[in-house]
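See structure below.
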């Protein structure tokens, strides 16, 4: 008699589709955090603070507007976008503190923020798409475990330092909150971050 095989389903086992979707979400979030170094360098030595409420309101408005295109609730899209910004600010503050303490490590050139922002806007749009794709897998049993695995995998692959690893945890706060509670694996705990500040016309 031929052996009977039971197909794995997304509700019981995060298979290849789940790994790909969750990995894409975590990887894009990490890439956005790595871009924070250029943003920090652009603001270093100027009167521009890390916090930019006007820019942040534009990003949040764009996230809410894109939510329907991605099948996400506007509230979740906004919270997720806020997570990305809070994580990026954590990196920027850490870099500025590092550069104040170690002058030899200070950036030698100042990037142009107006050239950096279109790239960040593109990442933000791709991140919302990645969140919408990954969300069904995150809410399935073992979704939390998959998120933790991909956090570790991306952190290792990109050789993230402790600051960026902590920031990546912060960036995934609401993605983690939506993971299935029966298999929720804690991500590395971030330290307290500054209170969220309340950021381009979106296109779907």
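None of the figures in this text is laboratory data; all of them are computed from the coordinates on show. Just so we're clear, the structure is a prediction, and the values are computed from it rather than from any experiment. Don't worry about glycine lacking a Cβ; one is built from the backbone with ideal geometry, like all the others, and counts go over all protein chains shown.
A few points about this structure:
- Using a simple spin-label model with pseudo-atoms 7 Å out from Cα toward Cβ, residue 158 and residue 145 lie 2.5 nm apart.
- Remark: 166, 114 ranked as 114, 166, counting other beta-carbon atoms within 10 Å and listing the fewest first.
- By the count of neighbouring beta-carbon atoms within 10 Å, fewest first, 163, 169, 156 end up ordered 156, 163, 169.
- The separation of the range 144-171 from the range 16-50, counted between C-alpha centres, amounts to 12 Å.
- Efficiency of FRET between residue 65 and residue 102 - r from beta-carbon atoms, R0 35 angstrom, step 0.05: 0.30
- Counting neighbouring beta carbons within 10 Å and listing from fewest to most, the residues 96, 164 come out as 96, 164.
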